[in-house]
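Structure record follows, encoded as structure tokens.
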Amino acid sequence: MDSALSSPPSGAPAGYLEDDRQTLVKLLVAGPFGVGKTTLIRSLSEIRPLHTEEVMTRSGALVDDLAGIREKAATTVAIDFGRRTLPGDLTLYLFGTPGQRRFRPLWQDIARGALGALVLADTRRLADSFEVMDMIEEAGLRYAVAVNHFPDSPRHATETLRDHLDLHPDTPLVHCDARDTDQSVDALIALVGHVLAHTPQETE
């Protein structure tokens with residue numbers, strides 16, 4: 001997608017989108033390895049999502065830190081992709097990015113043209129989110145943080161988490177279970193509201 005905020009391409013086949021008045025927005029779903037990006041896109045997408053997961057091997061375990069996520073058996077090696085339509089003719093294209101450092105060049109390519117990012121965080125390993133947030137800030141993207149709760153995740157007050165993540169006062173921070181569609185939609189709405197509030201509006 002060449003533009004983060006655009007109209008559907010001319011000559012698109014029937015069924016490409018339900019309404020040619022829809023506004024298309026490209027967003028990233030980012031976060032460290034094993035934080036739940038694939039799960040969130042799966043719960044959000046109104047179409048069958050695209051996943052590029054591969055089974056983790058013993059070799060991969062040598063380079064991917066499994067501390068706190070020993071149950072993880074697969075990892076994204078390229079992108080996840082899904083689509084979600086919100087009220088107001090707003091269609092979101094969701095690109096899940098791999099969380100490992102070695103995929104950074106791919107991350108930079110995926111980020112091109114995005115309007116913002118939803119960063120997933122895990123309270124079992126909050127420090128792992130810093131590098132991802134640094135990359136997003138370097139790319140000049142607005143973002144919101146969604147703390148994804150796992151059964152064994154420590155629970156902390158929102159202000160405590162904001163302080164530990166060193167978030168700007170304007171950056172939204174929400175809590176969610178990535179498996180729950182309603183909670184995932186709420187996290188997405190928080191991001192979209194933040195992004196659109198800082199997007200210059202076109203004038204006729």
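Does any residue in region 127-156 that is closer than 15 Å to HIS194 by Cα come within less than 8 Å, Cβ to Cβ, of a residue that is assigned to a loop (DSSP other than H, G, I, E, B) and of a type in the set (Ser, Thr, Tyr) six or more places away or on a different chain, and which pairs are these?
Between residues of region 127-156 that are closer than 15 Å to HIS194 by Cα and residues that are assigned to a loop (DSSP other than H, G, I, E, B) and of a type in the set (Ser, Thr, Tyr), the close pairs are TYR143/THR171; ALA144/THR171; VAL145/THR171.
How do the pairs read when you match residues in region 83-97 that are at positive phi and open to solvent by 20 Å² or more (accessible area, probe 1.4 Å) with residues anywhere that are outside any loop (DSSP other than H, G, I, E, B) and β-branched (Val, Ile, Thr), using Cβ under 9 Å and keeping only pairs 6 or more apart or on different chains?
From region 83-97, the pairs are GLY88/THR23; ASP89/THR23.
Under the condition of being among the hydrophobic types (A, V, I, L, M, F, W, C) and open to solvent by 30 Å² or more (accessible area, probe 1.4 Å), which residue from region 98-125 is modelled with the lowest pLDDT?
Taking region 98-125 first, the residues among the hydrophobic types (A, V, I, L, M, F, W, C) are 103, 106-107, 110-111, 114-115, 117-121.
Now narrow it down to the ones that are open to solvent by 30 Å² or more (accessible area, probe 1.4 Å): 103, 106, 115.
On the way: PHE103: 70, LEU106: 81, LEU115: 95.
Checking each candidate, the answer is PHE103.
Could you say whether any residue in region 144-152 is of a type in the set (Gly, Ala, Ser) and buried (at least 16 other Cβ atoms within 10 Å of the Cβ)?
Keep residues of region 144-152 that are of a type in the set (Gly, Ala, Ser), which gives 144, 146.
Add one more test, that the residue is buried (at least 16 other Cβ atoms within 10 Å of the Cβ), and what stays is 144, 146.
Checked region 144-152: at least one residue is of a type in the set (Gly, Ala, Ser) and buried (at least 16 other Cβ atoms within 10 Å of the Cβ).
Yes or no: LEU66 at pLDDT 95 or above and either surrounded by 13 or more Cβ atoms within 10 Å (Cβ to Cβ) or in contact with a Leu (Cβ under 9 Å, 6 or more places away or on another chain) (or both)?
Working: at pLDDT 95 or above: no; either surrounded by 13 or more Cβ atoms within 10 Å (Cβ to Cβ) or in contact with a Leu (Cβ under 9 Å, 6 or more places away or on another chain) (or both): yes.
Considered against the rule, which asks whether it is at pLDDT 95 or above and either surrounded by 13 or more Cβ atoms within 10 Å (Cβ to Cβ) or in contact with a Leu (Cβ under 9 Å, 6 or more places away or on another chain) (or both), LEU66 comes out as no.
Quick one: what pairs do we get from region 180-204, first residue surrounded by fewer than 14 Cβ atoms within 10 Å (Cβ to Cβ), second assigned to a loop (DSSP other than H, G, I, E, B) and at pLDDT 95 or above, C-beta under 8 Å, 6+ apart or different chains?
Cβ pairs passing all conditions: GLY193/PRO172.
So THR171 fits all but one of (1) under 14 Å from LEU27 (Cα atoms); (2) touching a residue at least 12 places away in the same chain (Cβ under 8 Å); what number is the exception?
(1)
The values are calculated or read from the model by the stated rules, or taken from the named source; none is laboratory data. Small disclaimer: the values here were computed from a predicted structure and weren't measured. Ideal geometry is used to build each Cβ from the backbone, glycine not excepted, and the neighbour counts take in all protein chains shown. What goes into the accessible areas is simple: the full protein's heavy atoms, side chains included, and nothing from ligands, DNA or RNA. Shrake-Rupley method; radii C 1.70, N 1.55, O 1.52, S 1.80 Å.
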